[in-house]
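Engineer: First the structure, then my questions, so here it is.
The values are calculated or read from the model by the stated rules, or taken from the named source; none is laboratory data. Since the model is a prediction, treat every value here as computed from it, not as a measurement. Every residue, glycine as well, gets a Cβ built from its backbone with ideal geometry; the counts of neighbours run over all protein chains shown. Heads up: the accessible areas ignore ligands, DNA and RNA and are worked out on the full protein's heavy atoms, side chains in. Shrake-Rupley method; radii C 1.70, N 1.55, O 1.52, S 1.80 Å.
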Amino acid sequence: MVKSLNGVLSRENVSLKKLNTFRINAKASEFYVPETINGFIDLLKYLNDNNKRYIILGGGSNILFLDKVIEFPIIYTGFFSRVEHTSHNILAYSGASVIDVVKYAYKNSFTGLEFLYGLPGSIGGAAYMNARCYEHSVSEFIDKVGIIDDNFDYMHIGIEDCQYAYKRSIFQDKKYIILDVRFKLDKGSKKLIKPEMKKYFKDRKNKNQFKYPSAGSTFLNDYETNMIAGKVIDSINMRGVKVGGAMVSPYHANFIVNYNNATGRDILNLMRKVREEVYNQKGITLNAEVRIISNDENEKL
């Protein structure tokens with residue numbers, strides 16, 4: 001563990017099972033929860049000064065833990081969950097859940113984020129990955145993002161500096177830590193917003209997206225070639241294929257699910273099996289959307 005830092009809670013051997021949507025039963029050997037921005041910055045400085053590898057964990061919706069014990073520091077953003085608004089926009093801190101932010105928008109008569117209702121994970125993760133569903137990306141509604149940059153300064157950058165593309169952002173390439181997201185939203189009628197929220201939630205439920213723990217879509221689509229990963233996987237009849245406790249969802253071919261106490265290795269091995277079969281039968285190389293977290297930094301799909 002690192003030295004005691006003001007504004008940072010620290011614990012050892014913390015279960016991560018409820019902090020990742022695959023519900024993989026992993027533990028964090030070092031677990032930190034910053035409670036202030038200054039504490040967060042001091043922690044990052046300490047880890048960097050000591051050349052320590054670390055990851056930032058929000059809602060855990062796009063994370064696959066491979067090892068039973070993660071042997072490097074995990075920084076959890078759960079304390080940064082405040083949501084507030086002005087007459088023109090909503091400011092959501094990175095640890096706030098996507099679902100809670102959509103509910104907050106509804107409560108305060110803001111429209112635009114209804115398509116996200118039911119999506120797991122945190123706002124920080126959604127901004128990091130440029131979460132996309134129902135033909136919309138979260139970046140369409142972002143105005144500015146508050147970050148700790150690589151000089152450990154807290155600052156805000158505009159949407160034009162985020163370099164958003166299909167499930168891509170500058171945050172995946174630079175050591176920027178997302179602290180908050182400001183959304184530009186229109187005012188609307190609660191009577192119209194609520195049915196939209198229910199529509200998207202019902203569609204997710206009807207597609208059995210909540211039946212088993214998963215990270216949602218496992219592989220990326222390629223819209224330039226009109227390659228939809230789920231359709232390609234479905235075309236070679238891989239629904240229901242299993243490896244250990246992992247299974248290709250019977251309801252959505254691009255969902256790999258934890259149907260029976262899967263390990264991270266079960267999930268990864270099934271991802272590899274699907275990828276290999278798609279390449280062998282279709283000549284298409286699938287790229288993972290899920291981020292693989294391993295003690296071995298060289299572990300890849």
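Engineer: What share of the DSSP beta bridges in segment 1-155 is antiparallel, in percent to the nearest 5?
Structural biologist: Of those bridges, close to 70 percent are antiparallel.
Engineer: Near the amide H of F219, under 5 Å away, which other amide H atoms are found, from residues 5 or more places off or on another chain, if H is placed in the peptide plane?
Structural biologist: Result for F219 returns E289.
Engineer: Given points 7 Å out from each Cα along the Cα-Cβ axis, report the I236 to S15 separation in nanometres with one decimal.
Structural biologist: Distance between the two pseudo-spin positions: 3.7 nm.
Engineer: Now for a different question. Using the Karplus curve 6.51 cos²θ - 1.76 cosθ + 1.60 with θ = phi - 60°, work out ³J(HN,Hα) for each residue of segment 113-120 in order, rounded to whole Hz, and write x for Gly and Pro.
Structural biologist: 9, 4, 5, 8, 5, x, 6, x
Engineer: Got a number for carbon plus sulfur as a percent of the chain's accessible area, 1.4 Å probe?
Structural biologist: 44
Engineer: Setting aside same-chain residues fewer than 8 positions from K202, which lysines have a Cα under 19 Å from its Cα?
Structural biologist: K103, K190, K191, K194, K211
Engineer: Of G58, H136, V98, which is farthest towards the positive pole of segment 37-147's charge dipole, taken about the Cα centre with +1 and -1 on the beta-carbons of Lys, Arg and Asp, Glu respectively?
Structural biologist: G58
Engineer: On to the next question. For the residue pair A165 and V69, what label-to-label distance in nm results when each label sits 7 Å from Cα along the Cα-to-beta-carbon direction?
Structural biologist: 4.1
Engineer: Still on this structure, please answer the following. Okay, helix-only estimate at 222 nm for the chain: each DSSP H run of n ≥ 4 adds -39500 (n - 2.57), divide by all residues, round to 500 deg cm²/dmol; what do you get?
Structural biologist: Calculated mean residue ellipticity at 222 nm is -7500 deg cm²/dmol.
Engineer: Test of understanding: what is the full-extension gain from K211 to K300, defined as 0.36 nm times their sequence separation minus their Cα-Cα distance?
Structural biologist: 29.3 nm
Engineer: Ordered by residue, what ³J(HN,Hα) values in Hz, to whole numbers, does segment 263-276 give under the Karplus form 6.51 cos²θ - 1.76 cosθ + 1.60, where θ = phi - 60° and Gly and Pro are x?
Structural biologist: Ordered by residue, 3J(HN,Hα) equals 8, x, 5, 4, 4, 5, 5, 6, 4, 5, 5, 4, 4, 5 Hz.
Engineer: Go through V8, P120, Y212 and say which Cα lies farthest out towards the positive end of the charge dipole of the chain; charges sit on Cβ, +1 for Lys and Arg, -1 for Asp and Glu.
Structural biologist: Y212
Engineer: Then there's this: Once you have a ≥ b ≥ c as the square roots of the Cα gyration tensor eigenvalues for the chain, tell me rounded if a/c is under 1.5, and otherwise prolate or oblate according to whether a/b is larger than b/c.
Structural biologist: Here the chain falls in the oblate category.
Engineer: Among I41, L19, F31, which residue has its Cα furthest toward the positive end of the charge dipole of segment 1-54, with +1 on Lys/Arg Cβ and -1 on Asp/Glu Cβ?
Structural biologist: L19
Engineer: Related question: Residue by residue, what Karplus-based ³J(HN,Hα) values in Hz, rounded to whole numbers, does segment 26-33 have, using 6.51, -1.76 and 1.60 with θ = phi - 60° and x for Gly and Pro?
Structural biologist: 10, 10, 9, 5, 10, 9, 10, 10
Engineer: What accessible area per residue, rounded to a whole number of Å², is obtained for the chain using a probe radius of 1.4 Å?
Structural biologist: Value for the chain: 49 Å² per residue.
Engineer: Moving on. Name the residues whose placed amide hydrogens come within less than 5 Å of the amide hydrogen of S61, ignoring near sequence neighbours (fewer than 5 apart) on the same chain.
Structural biologist: Correct list: T21, S122.
Engineer: Grab the Cα-Cα distance for N260 and D186, subtract it from 0.36 nm times how many residues apart they are, and report the gain in nm with one decimal.
Structural biologist: Result: 22.3 nm gained on full extension.
Engineer: I've got another one for you. For the ranges 248-255, 202-209, what's the packing order if you count other beta-carbon atoms within 10 Å of each residue, average per peptide, and put the highest first?
Structural biologist: 248-255, 202-209
Engineer: Explain nothing, just the number: relative contact order of segment 58-198, from Cα pairs under 8 Å at least 6 residues apart, as a whole percent.
Structural biologist: 27
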